[in-house]
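The block underneath contains the structure these notes are about, expressed in structure tokens.
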Amino acid sequence: MSKSGISWTDYTMNWHWGCNEVTEEECGGCYARDFAHSGRGGSWNGTAHPVTGVVHPEIWGPPHSTERRTFGPAHNAEPYAWNAKAMKRDERMCCFTSSMSDLFEFHPQLDAVRRVAFRTIENCTRLDWKILTKRIQLVSRYVPDHWMDGEWPANAWIGFSAGSQKFFDQRAPYAVDLPAPVIFVSHEPAVGPIKIQTLLDCIEPERLWIITGGMSGPDWKSYPMDPSWARYVRDQCREAGVAFFYKQSSHRFPGHEPYLDGVLHHAWPAVPGVRGEPGGVRKAAAHV
């Protein structure tokens, strides 16, 4: 992909595009689906591209009836270039996967995709990978066996999306036994407050990271975020010593209004990286 505009990462990488909605509440305003269906995304929706006239298949929908868009060697090699750049600068960088898909979705095309992804994560040790999913219950099934048997890469962070307490309670129990160096929660788009005690009871605070943010995109007014929800999460993190990252309030455009009560909350977990360094280059506020 490319250098990312997302404030909590440096790069964004997708090994494939496409998904199947998990819940209407969380996925109703999916920016990735809308982008794939737009002219900018190449009209991967079974209709002709408005400029080129090319018809691409639908990539959003059930695995038995819709394809996923996969990529070739040139695209998949991009993280190695980012890793080389970080090595040359003697620094660490952050890489988010995936913004246009879910790496742990059940789909017949994705076994091969995951093999490439996990091999790249293991090889690109100067990149701290932020692997985000709504299917946290499938992580232990799909990651390589040796990851679960004591060889989980020190640069592979695992996160799950939870826009409300209902989804947090459903997914948190599957995260507590994963031996990732960081377990993070994407409380985005926030559609209600969340209490994080389930994770605090099982995971050391320094291994936790909570990101809170409102909906962005054309449907943002349909998913308004109450600032009190973010304050509630912020206060829990402050009391427990957990890194808290406030991304933005609900807004038409991503990255806007990143201040909560006039304060920029951009904290990262300071767990050791592969060489004992704190993981990931920390973006300055000016990059938001």
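Derivation of every value follows stated rules applied to the coordinates shown; laboratory data play no part. No experiment lies behind these values; they were computed from the predicted model shown. Virtual Cβ from ideal backbone geometry, glycine too; neighbours counted across all protein chains shown.
Key figures
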read-out	value
Vicinal HN-Hα couplings computed from phi for the stretch 233-245 (Karplus, 6.51 cos²θ - 1.76 cosθ + 1.60; Hz; Gly/Pro x)	5, 4, 5, 5, 5, 4, 5, 8, x, 9, 5, 10, 10
The stretch 153-248 shape via C-alpha gyration tensor axes, a/c threshold 1.5	prolate
Anisotropy class of the stretch 61-177 from Cα gyration tensor, a/c 1.5 cut	oblate
Cα gyration tensor shape for the chain, rounded if a/c is under 1.5, else prolate or oblate	rounded
Non-local Lys pairs in the chain, i.e. 8 or more apart or on different chains, that have alpha carbons under 26 Å apart	26
Neighbour-count order for S7, S140, fewest beta carbons within 10 angstrom listed first	S140, S7
Distance (nanometres) between label positions extended 7 Å along Cα→Cβ at D261 and S38	3.4 nm
Calculated FRET efficiency for the pair D90/V55, C-beta based, R₀ 51 Å, to 0.05	0.60
Helix-derived mean residue ellipticity, 222 nm - over the chain, DSSP H n ≥ 4, -39500 (n - 2.57), to 500	-7000 deg cm²/dmol
